[in-house]
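J.: Sharing a structure with you now.
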Amino acid sequence: MSPVIINCYEDFEALLGKEIGISDYVQVNQDRINLFADATLDHQWIHVDEERCKTESPFHQTIAHGYLTLSLLPYLWDQIIQVNNLERLVNYGMDKMKFGQPVLSGQSVRMTTHLEALANLRGAIRMSIHFTIDIKETGKTALEGVATFIYFFKKN
């Protein structure tokens, strides 16, 4: 799927209240989980100890960190939207985040987005998307919430 092209405020405005798009799936394998554990210093056994998980975890395998699932948002978002004439993008905030189902090692996730709110800040645009990250193998929601970004456009 090709990303939605945004060139100006009016392009965002046309999407208000609508689905913006759906990303491709990305696999969350054990290597990715281990790298995330190393980067965040979160080596809780349910994420990294495959042998212990076989006997002690209710899932009988490792699961991804919830924040690993969240950290995939920028990658998945870049598949959905392309904003042209951009000077910079600021992550402004996260709201109403809820973790649903754990992502098991080896499963794949994708993101669906809807434009929930939009504000023209004279040269910048603050927009909020409702996002849902679902699991391919189960069809269940791993994470949902609202992400707010501020897009600063280049001056002409």
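J.: For segment 1-112, what is the relative contact order in percent, using Cα pairs closer than 8 Å and at least 6 residues apart in sequence? Intermediate results must be reported in sequence, preceding the final value.
T.: Working: 130 pairs, mean separation 50.5, N = 112.
Computed over segment 1-112, the figure is 45 percent.
J.: Relative to the longest principal Cα axis of the chain, at what angle does helix 30-40 sit, 0 to 90 degrees, rounded to 10?
T.: Tilt relative to the chain: about 70 degrees.
J.: Shifting gears a bit: Within 12 Å, Cβ to Cβ, of L16, how many net charges do the neighbouring residues add up to if Lys/Arg are +1 and Asp/Glu are -1? Let's see the in-between values first.
T.: Details: positive: K18; negative: E10, D11, E13, E19, E116.
Around L16, the surrounding residues sum to -4.
J.: Before rounding to the nearest 500, sum -39500 (n - 2.57) across all DSSP H runs of length at least 4 in the chain and divide by the residue total; then give [θ] at 222 nm in deg cm²/dmol. Intermediate results must be reported in sequence, preceding the final value.
T.: On the way: 6 runs with 41 residues, N = 156.
Counting only the DSSP helices, I get -6500 deg cm²/dmol.
J.: Restricting attention to segment 15-86, which chymotrypsin sites (Phe, Trp or Tyr not before Pro) occupy a DSSP loop and are surrounded by at most 15 other Cβ atoms within 10 Å? Could the numbers behind the result be given before it?
T.: Values: sites: Y25, F36, W45, F59, Y67, Y75, W77; in loops: Y25, F59.
Listed in order of number, the matching sites are F59.
J.: Students sometimes get this wrong: rank C53, C8 by accessible area, probe 1.4 Å, all chains present, largest first.
T.: Numbers: C53 0, C8 45 Å².
Order by accessible area, largest first: C8, C53.
J.: Here is a follow-up. Using a/c under 1.5 as the rounded threshold, could you call segment 1-113 rounded, prolate or oblate? The axes a ≥ b ≥ c are square roots of the C-alpha gyration tensor eigenvalues, and prolate needs a/b larger than b/c, oblate otherwise. If you can, show how the numbers build up before the last one.
T.: On the way: a/c = 2.75, a/b = 2.42, b/c = 1.14.
Because a/c hits 1.5 or more and a/b exceeds b/c, segment 1-113 counts as prolate.
J.: Something else now. Could you size up the charge dipole of segment 7-98 around its Cα centre, putting +1 on the beta carbon of Lys and Arg and -1 on that of Asp and Glu, and report it in debye to the nearest 20?
T.: 220
J.: How big is the charge dipole of segment 95-140 about its Cα centre, in debye rounded to the nearest 20, if each Lys and Arg gets +1 on its Cβ and each Asp and Glu gets -1 on its Cβ? Could you put the intermediate results ahead of the total?
T.: On the way: 7 positive and 4 negative charges, 22 e Å.
The dipole of segment 95-140 has a size of about 100 debye.
J.: With charges set only on the Cβ (+1 for Lys and Arg, -1 for Asp and Glu), what does the dipole of segment 13-156 come to about its Cα centre, in debye to the nearest 20?
T.: Numbers: 14 positive and 17 negative charges, 127 e Å.
The dipole of segment 13-156 has a size of about 620 debye.
J.: Any idea of S23's accessible area? Nearest 10 Å², probe 1.4 Å.
T.: 10
J.: Shifting gears a bit: Summing Lys, Arg as +1 and Asp, Glu as -1, what charge do residues with Cβ under 14 Å from the Cβ of G123 carry, G123 excluded?
T.: Working: positive: R88, R122, R126, K154, K155; negative: E87.
Charge balance near G123 sits at +4.
J.: Please give, to one decimal in nm, the separation of the simple spin-label points placed at R122 and M97, each 7 Å out from Cα toward the Cβ.
T.: The two pseudo-label positions are separated by 3.3 nm.
J.: Rounded, prolate or oblate for segment 82-156? Axes are the square roots of the Cα gyration tensor eigenvalues, ordered a ≥ b ≥ c, and the cut-off for rounded is a/c under 1.5. Please list the in-between numbers first.
T.: Working: a/c = 3.35, a/b = 2.34, b/c = 1.43.
The shape class here is prolate.
J.: To continue, here is another question. For A37, what is the net charge nearby, where nearby means another residue's Cβ is under 13 Å from its Cβ and Lys, Arg count +1, Asp, Glu -1?
T.: Details: positive: R32; negative: D31, D38, D42, D49, E50.
Around A37, the charge tally is -4.
J.: Residues with amide H under 5 Å of S105's amide H, sequence separation 5 or more or different chain, H placed in the peptide plane at 1.01 Å from N; which?
T.: Residues meeting the amide H criterion: T62, I63, A64.
J.: Find the relative contact order for segment 6-66 and round it to a whole percent, using C-alpha pairs within less than 8 Å whose residues are 6+ positions apart. Each step should come with its number before you reach the end.
T.: Values: 36 pairs, mean separation 13.6, N = 61.
Once normalised by length, the contact order is 22 percent.
J.: Once you have a ≥ b ≥ c as the square roots of the Cα gyration tensor eigenvalues for segment 1-54, tell me rounded if a/c is under 1.5, and otherwise prolate or oblate according to whether a/b is larger than b/c.
T.: Because a/c hits 1.5 or more and a/b exceeds b/c, segment 1-54 counts as prolate.
The values are calculated or read from the model by the stated rules, or taken from the named source; none is laboratory data. Only a predicted model underlies this, so the values are computations on that prediction, with no experimental measurement involved. All Cβ positions, glycine included, derive from the backbone under ideal geometry; neighbour counts span all protein chains shown. Please note that ligands, DNA and RNA were not included when accessible areas were found on the heavy atoms of the full protein model with its side chains. Shrake-Rupley method; radii C 1.70, N 1.55, O 1.52, S 1.80 Å.
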